[in-house]
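The values are calculated or read from the model by the stated rules, or taken from the named source; none is laboratory data. What you see is a predicted model, and the numbers here were worked out from it, not measured in a lab. FYI the Cβ positions are ideal-geometry reconstructions off the backbone, even for glycines, and counts take in every protein chain you see.
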Amino acid sequence: MSVIGETLRLSLWGRVNECPGLASGRIRPGDFRVCLLGGAEKMAVTELDAPLTLRLPKAAARRLSEAGFDTVEDLLSYAPLRYYQWGKLTDIGSLVEGESATLLVEVVNQNLLRNRNGGYRLVVIVTDGHRSLSCTFFAKNPYMLSHHQRVLKPGATVLVSGKVSSYRGQMQLVQPEFEEVEEGSAQDVARRAGRPIPIYRSVAGLASWKVASLIGSLLDQVEEDDVPQVLDEDTMRRHALVGYGQALRMLHQPEAPVDWQEAKRSLAWREALVLQTALLADRVRGDTQAPPLRATNGLDPSRSLVAALQRGLPFSLTEAQEQAWAQISGELEQTKPMQRLLQADVGAGKTVVALLAMVQTVEAGYQAAMLAPTEVLARQHYVSLTRMLEGAEVDIPVHLLTSKRASAEKNQVLASLAAGEPCIVVGTHALIQEGVEIPNLGLLVVDEQHRFGVAQREHLRQGHELTPHLLVMTATPIPRTIAMTVFGDLDVTAMKGLPPGRKKVDTFLIDERNQVWMDRVWERAREEVDGGGRVYVVCPRIDPDEKDKAKKGAEGEAEIPSALATLKSLKESPVFEGVEIGLAHGRLAPADNARTFADFASGKEPVLVATTVIEVGVDVPEATMMVILGGNRFGLSQLHQLRGRVGRSERASVCMITHPGDLAPETAERMRVIAGTSDGFELAEADLRLRKEGDVLGKNQSGAVSSLRFLSVRDDAAIISGARDTATEILRQDPQLSEHTALADAVRARAGEELVWLERN
């Protein structure tokens, strides 16, 4: 039994006698199907929804269930890791050492032997009728060779394929692929030899051949005509796609390479269309209205508070800021709720744009809330917003609400908010706690969106007669395909470029094995301090870990740099004699870190040794040097975020990234990329190319973890874009999906699943 929204869904499988009120026609008396009762949402169910316990041997079904495979569709959606392509049939007499060969042979005998150094080997002698050949298979235990023994029994006709080698002057195949061939024509054998063989990653302890066998059993039980078609005929024709049932069969039982390639493309399209429809559906169907937030409130635009703020800023907006602000301001004036993602590079000035939006909200008579992920960042936003308003002589109340504020102060803020007073409130998760009332909320700004769940951001927007506008911000540039996949429910504004006066941060890679260079890093740090600058020293961990010490790290021979060890070393170094050095990391109390950041900003402790707690929200314009120790331990996006803590003034800044040398090729490329460009949008695209899909789509926003099975955000930009256009057109013509029942069912099935976000670790 499961709950979808407020709808009760009974998942009761059994033989159906009747199912009144269900008009799909897919559920017939005598079928094993689900019947949804008691006013539940009507949802057609097919053979794909059948539990594996009703379709497979119970032992296998139980093991698969433990691995997350519960239904027929779950297992049929398990894509092969790769495909083995049989080659042209070869005679044993024409074998050449070092070349690959495919042979049609008869098994003469087999012998299971135990190796002297442990493990087992199975030696199988085969013949083509003229000459003999040995095929040898190795395994840790006899059980792992049991399938081989069953298929490669004396007298069996088999196809074997592998690379030819020699042992004691005799040709042999080691660990060859093989398939039993039943009696048939020469043409049939040739066809089988040319057919790709799917290779599956072991799941639930089941080997590839066993997974293939179970999937084949399920395919025999599924009628293609009974499989719901999410893709309509027009879409399939325009994009040369095949139906769902056919695609699943071609994926697992291809006759030629083009079959599985076509299947994967069709399945990716189906997945993209369901995802995009789910993301867009609520917006298209929504009949909610937002308050029209007109900045002038009937006044001359030049006399508005927004205009006053712009005149009073100590700088002019960049062209990118102007464009973003014009777009956001116009949407705030509409009754359709704005749902916009503002992505900008580190230091691009997105906070100013957010403040303009909040001022427009307050001027229209409403409240604006800014949600920040940490107390440090919330306080910085509070100070920054207050300073900009005071500097422009714009009189708007700004409140701070965090869990750490004194009770009296907190109660005062809560009372002011509950009274509906037009104001700006900046807060952490404390804003979404029970007892916080913001009845007149016109705009919600969410900073660093990836640190909040979807449910958390929506909590503040619920329960209002008019739906508040939403502005989501991130300083992590997002590749276009990910933005469409993850934030498909939001319109995206990419604000590129840096404010005037910001200088490029020169970035250098330092091999930690070169002591001369390392000594020069610390000498340069002292020069920055003596020149009135501040220096960050970032380490990948807080303290040394004995296990990692023993391993010596994943790359190189150097131990993993730690904050505590680095602090001790720098304090003992003559280079930093007379210099106070601070320490900040995640195990310290927020108040302690806040004091450390304040001492760093004031120059009392001009050198700060820290972990990634400084990655977001620490704004010290005097910081002119960043030293990242063990840079190979950080992701590309993370390195860029850390580097963005310096270069926040007109002073020249530098970033030194150390590594232990002898890097793996992927790591070396990551280091070269971060040193070669400071454009966060270019880095985001490079990061997407360099990282594996699982790394890209790994951090859940809320609810259960889900993943894309066939769609690749790296490679399928055209599919994602095409599916989005198709979903938009479908919803425009059929907002309730009443004419697209299969698509509606697929969207509802995904309703409890969760979208994923760019993992930054």
Can you spot a residue in the stretch 101-111 that is surrounded by 14 or more Cβ atoms within 10 Å (Cβ to Cβ), within 42 Å of the chain's Cα centre (by Cα) and without any contact (Cβ under 8 Å) to a residue 60 or more places away in the chain?
no
Tell me, please, whether a residue that is within 20 Å of the chain's Cα centre (by Cα), modelled with pLDDT under 70 and aliphatic (A, V, I, L, M) can be found in the stretch 494-503.
no
Output for the stretch 367-383, where each listed residue is buried (at least 24 other Cβ atoms within 10 Å of the Cβ) and farther than 11 Å from V445 by Cβ:
Q367, A378
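To keep it simple, each residue is scored yes or no on (1) charged (D, E, K, R); (2) surrounded by 15 or more Cβ atoms within 10 Å (Cβ to Cβ); (3) at pLDDT below 90.
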site: G169; (1), (2), (3): no, no, yes
site: S185; (1), (2), (3): no, no, yes
site: R195; (1), (2), (3): yes, yes, yes
site: G216; (1), (2), (3): no, no, no
site: P228; (1), (2), (3): no, yes, yes
site: L231; (1), (2), (3): no, yes, no
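Just give me the residues in the stretch 426-436 being loosely packed, with under 14 Cβ neighbours inside 10 Å and either at pLDDT 90 or above or out of contact with any Leu (no Cβ under 9 Å at 6 or more places or on another chain) (or both), in sequence order.
Q433, E434
If you go through the stretch 62-95, how many residues are in a loop (DSSP other than H, G, I, E, B) and either of a type in the set (D, E) or farther than 20 Å from A256 by Cα (or both)?
Count: 6.
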More than 23 Å from Y84 (Cβ to Cβ) and either touching an Asp or Glu at 6+ places or on another chain (Cβ under 9 Å) or of a type in the set (S, T, Y) (or both): which single residue out of G129, G118 fits that description?
G129
Just need a number here: residues in the stretch 414-425 that are out of contact with any Cys (no Cβ under 9 Å at 6 or more places or on another chain) and surrounded by fewer than 20 Cβ atoms within 10 Å (Cβ to Cβ).
7
Could you check the stretch 120-173 for strands (runs of 3 or more DSSP E) lying wholly inside it with 2 or more residues that are out of contact with any helix residue (DSSP H, G or I) (no Cβ under 9 Å at 6 or more places or on another chain) and farther than 21 Å from I197 by Cα?
120-127, 157-167
Filter the stretch 638-670 down to the residues that are surrounded by fewer than 22 Cβ atoms within 10 Å (Cβ to Cβ) and under 22 Å from the mean Cα position of the chain (by Cα), then identify the one that is farthest from V346 (Cα to Cα).
E666
Within the stretch 308-363, track down each residue that is more than 30 Å from T288 (Cα to Cα) and either without any contact (Cβ under 8 Å) to a residue 24 or more places away in the chain or not in a helix (DSSP H, G or I) (or both).
L313, P314, F315, S316, L317, T318, D345, V346, G347, A348, G349
Within the stretch 671-685, track down each residue that is surrounded by 16 or more Cβ atoms within 10 Å (Cβ to Cβ) and touching a strand residue (DSSP E or B) at 6+ places or on another chain (Cβ under 9 Å).
M671, I674, A675, S678, G680, F681, A684
Please find, among L279, L267, L275, L251, the residue that is part of a helix (DSSP H, G or I) and either touching an Asp or Glu at 6+ places or on another chain (Cβ under 7 Å) or of a type in the set (V, I, T) (or both).
L279
For the stretch 401-412, does any single residue satisfy the condition of being at pLDDT 90 or above, more than 33 Å from the chain's Cα centre (by Cα) and part of a loop (DSSP other than H, G, I, E, B)?
no
Return the pairs, sorted by first residue and then second, in which the second residue is basic (K, R), the first residue lies in the stretch 120-139 and is buried (at least 20 other Cβ atoms within 10 Å of the Cβ), the beta carbons are less than 7 Å apart, and the residues are 6+ apart or on different chains.
F137/R121
What tally of residues in the stretch 174-183 results from selecting those that are within 21 Å of V211 (Cβ to Cβ), modelled with pLDDT of 85 or more and part of a strand (DSSP E or B)?
2
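Which residue, of L273, L251, L231, L241, is under 20 Å from R714 (Cα atoms) and touching a residue at least 12 places away in the same chain (Cβ under 8 Å)? Reasoning before the result, please.
Working: L251 fails: under 20 Å from R714 (Cα atoms); L231 fails: under 20 Å from R714 (Cα atoms); L241 fails: under 20 Å from R714 (Cα atoms).
Being under 20 Å from R714 (Cα atoms) and touching a residue at least 12 places away in the same chain (Cβ under 8 Å) holds for just one of L273, L251, L231, L241, which is L273.
Can you tell me how many residues in the stretch 680-730 are among the small types (G, A, S) and at pLDDT below 70?
7
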Please enumerate the residues belonging to the stretch 271-280 that are touching a Leu at 6+ places or on another chain (Cβ under 8 Å) and buried (at least 24 other Cβ atoms within 10 Å of the Cβ).
A272, L273, L275, T277
Going through the stretch 197-214 in order, the residues found to be surrounded by 18 or more Cβ atoms within 10 Å (Cβ to Cβ), within 21 Å of T71 (Cβ to Cβ) and over 30 Å from the mean Cα position of the chain (by Cα) are L214
Is one or more of the residues making up the stretch 368-382 part of a helix (DSSP H, G or I), in contact with a Gly (Cβ under 6 Å, 6 or more places away or on another chain) and farther than 24 Å from T493 by Cβ?
yes
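Considering the stretch 224-248 alone, what residues qualify as being aliphatic (A, V, I, L, M) and either assigned to a helix (DSSP H, G or I) or more than 18 Å from V72 (Cα to Cα) (or both)? I'd like the intermediate steps shown before the answer.
Looking only at the stretch 224-248, we keep the residues that are aliphatic (A, V, I, L, M), and these are 227, 230-231, 236, 240-242, 247-248.
Selection gives L231, M236, A240, L241, V242, A247, L248.
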